[in-house]
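Asks: The structure is given below, and queries will be raised subsequently.
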Amino acid sequence: MKKQLKGLLYFYVSDFRYSMAIFWTILLSILVLTMAVAYFLLSIENGMMAFSLTAPIYIYCAILGFLSVKEAIPFSIKMGATRRNLFISFGIFFLSLSLLFSTIASMLQEAVSYINGIVGMDNFHFLHLAYFLEDTWYSRIVIDTSIMFFLFSVMFMIGLLFYKYGLAGGGSVLGILMVMLLLGIAKGWVFDFFKEIYATIDITYFLQLIGIAFVIYLLTYIFIRRITIWKVK
């Protein structure tokens, strides 16, 4: 079991290593370009530049969670992986990536802020949800890990729905969720919910989000336990 889990994790890393390398290369290039604009242009015009380092990472995690179903599951089953090991290995992979990405993002923000302090560049700022709390490296890691793992779990679940039940089945579920969301917006429930969070937000919300993400991921076993290499179209 342990050997198979290690093999699956190695396969996931190898399979998605190229896309992760491209993503981080593009993100770091944009960060450097944005800092250069802030330093050379905005310093002259007394402007300010704001940059979100984590928002693109959230989007990437959501896409990776969805694509990992069709990219990794059929090949893993062909190689003899058990459904139980698939479930465990994906959970470890998603949680490890969430922690790794959040740590890298927090370290990058600390490093850039330190460099900006040395060169006296005070017109470049990062956008992060931690500003609503105590903005520390610890709070940023907790927030980012919870959001990333939540996105991984939700999009992995959606990917499984499309894989097992095709476009009609997955689209129907998404349609129902969209109707519920629109109903919530029309009734004002969604705005009240986010207003309540904004007024009382603390680190506990994100710890609870990790718990919700774990519950969602546990539910994916319902689909994984009988999954096959044949994708429904």
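Asks: If the Cβ limit is 8 Å and pairs must be 6+ apart or interchain, which residue in segment 194-208 that is farther than 15 Å from Y138 by Cα pairs with which residue that is in a loop (DSSP other than H, G, I, E, B) and at pLDDT 70 or above?
Replies: Close Cβ pairs (under 8 Å, with a partner that is in a loop (DSSP other than H, G, I, E, B) and at pLDDT 70 or above) amount to I201/L133.
Asks: Among S106, S139, which is the only one that is in a helix (DSSP H, G or I), free of Cβ contacts under 8 Å to residues at least 40 places away in the same chain and either surrounded by 17 or more Cβ atoms within 10 Å (Cβ to Cβ) or in contact with a His (Cβ under 7 Å, 6 or more places away or on another chain) (or both)? Spell out how you get there, then give the answer.
Replies: Working: S139 fails: free of Cβ contacts under 8 Å to residues at least 40 places away in the same chain.
Sole residue among the options that is in a helix (DSSP H, G or I), free of Cβ contacts under 8 Å to residues at least 40 places away in the same chain and either surrounded by 17 or more Cβ atoms within 10 Å (Cβ to Cβ) or in contact with a His (Cβ under 7 Å, 6 or more places away or on another chain) (or both): S106.
Asks: Counting only residues that are within 22 Å of the chain's Cα centre (by Cα) and modelled with pLDDT under 80, how many does segment 194-214 have?
Replies: Of all residues in segment 194-214, those within 22 Å of the chain's Cα centre (by Cα) come to 194, 197-198, 201-214.
Checking which are modelled with pLDDT under 80 leaves us with 194, 197-198, 201-202.
Looking only at that region, the number is 5.
Asks: Moving on to the next point. Identify, please: which residue in segment 220-229 is outside any loop (DSSP other than H, G, I, E, B) and in contact with a helix residue (DSSP H, G or I) (Cβ under 7 Å, 6 or more places away or on another chain) and is, among those, surrounded by the fewest Cβ atoms within 10 Å (Cβ to Cβ)? First the steps, then the outcome.
Replies: First, pick out the residues of segment 220-229 that are outside any loop (DSSP other than H, G, I, E, B): 221-224.
Going one step further and asking which of them are in contact with a helix residue (DSSP H, G or I) (Cβ under 7 Å, 6 or more places away or on another chain), we end up with 221, 223-224.
Values: Y221: 15, F223: 19, I224: 18.
The extreme case among them is Y221.
Asks: Also, quick follow-up: Name every residue in segment 65-84 that is part of a helix (DSSP H, G or I), crowded, with 19+ Cβ neighbours inside 10 Å and either over 22 Å from the mean Cα position of the chain (by Cα) or modelled with pLDDT of 95 or more (or both), in order of residue number. Before you say what the answer is, go through the steps one by one.
Replies: Initial filter on segment 65-84 (part of a helix (DSSP H, G or I)): 65-78, 83-84.
With crowded, with 19+ Cβ neighbours inside 10 Å added as a condition, the list becomes 65-66, 68-69, 72-73, 76.
Correct list: S76 only.
Asks: May I ask you to list the residues in segment 178-193 that are charged (D, E, K, R) and either modelled with pLDDT of 70 or more or more than 26 Å from T145 (Cα to Cα) (or both)? Lay out the reasoning, then the answer.
Replies: The initial filter retains those residues of segment 178-193 that are charged (D, E, K, R), namely 187, 192.
Matches in segment 178-193: K187 only.
Asks: Looking at segment 2-10, can you tell me whether even one residue there is among the aromatic types (F, W, Y) and surrounded by fewer than 12 Cβ atoms within 10 Å (Cβ to Cβ)?
Replies: Kept after step one, since they are among the aromatic types (F, W, Y), are these residues of segment 2-10: 10.
Subset that is surrounded by fewer than 12 Cβ atoms within 10 Å (Cβ to Cβ): 10.
Among the residues of segment 2-10, at least one is among the aromatic types (F, W, Y) and surrounded by fewer than 12 Cβ atoms within 10 Å (Cβ to Cβ), which makes the answer yes.
Asks: G120 passes all but one of (1) among the small types (G, A, S); (2) under 22 Å from the mean Cα position of the chain (by Cα); (3) open to solvent by 10 Å² or more (accessible area, probe 1.4 Å); which number fails?
Replies: Against the list (1) among the small types (G, A, S); (2) under 22 Å from the mean Cα position of the chain (by Cα); (3) open to solvent by 10 Å² or more (accessible area, probe 1.4 Å), G120 comes up short only on (2).
Asks: In addition: Looking only at segment 201-214, count how many residues are under 17 Å from A62 (Cα atoms), β-branched (V, I, T) and open to solvent by less than 80 Å² (accessible area, probe 1.4 Å). Before the answer, list the steps.
Replies: Here is the first cut: in segment 201-214, the ones under 17 Å from A62 (Cα atoms) are 209-210, 212-214.
When the remaining residues are screened for being β-branched (V, I, T), the result is 210, 212.
Checking which are open to solvent by less than 80 Å² (accessible area, probe 1.4 Å) leaves us with 210.
Within segment 201-214, residues that are under 17 Å from A62 (Cα atoms), β-branched (V, I, T) and open to solvent by less than 80 Å² (accessible area, probe 1.4 Å) number 1.
Asks: Continuing with the same structure: Residues of segment 47-64 being open to solvent by 40 Å² or more (accessible area, probe 1.4 Å) and part of a loop (DSSP other than H, G, I, E, B), which ones?
Replies: Within segment 47-64, just M48 meets the criteria.
Asks: How many residues, within segment 88-101, are in contact with a Leu (Cβ under 9 Å, 6 or more places away or on another chain) and crowded, with 19+ Cβ neighbours inside 10 Å?
Replies: We begin by selecting, within segment 88-101, every residue in contact with a Leu (Cβ under 9 Å, 6 or more places away or on another chain); these are 88-94, 96-98.
Going one step further and asking which of them are crowded, with 19+ Cβ neighbours inside 10 Å, we end up with 89-91, 93-94, 97-98.
Here the count works out to 7.
Asks: Quick test for you: out of G175, G166, pick the one residue that is in a helix (DSSP H, G or I), over 20 Å from the mean Cα position of the chain (by Cα), loosely packed, with under 11 Cβ neighbours inside 10 Å and modelled with pLDDT of 75 or more.
Replies: Details: G166 fails: loosely packed, with under 11 Cβ neighbours inside 10 Å.
Matching residue, one of G175, G166: G175.
The values are calculated or read from the model by the stated rules, or taken from the named source; none is laboratory data. If you're wondering where the values come from, they're calculated on a predicted model, not measured in any experiment. All Cβ positions, glycine included, derive from the backbone under ideal geometry; neighbour counts span all protein chains shown. All accessible areas refer to the heavy atoms of the entire protein, side chains included, with ligands and DNA or RNA removed. Shrake-Rupley method; radii C 1.70, N 1.55, O 1.52, S 1.80 Å.
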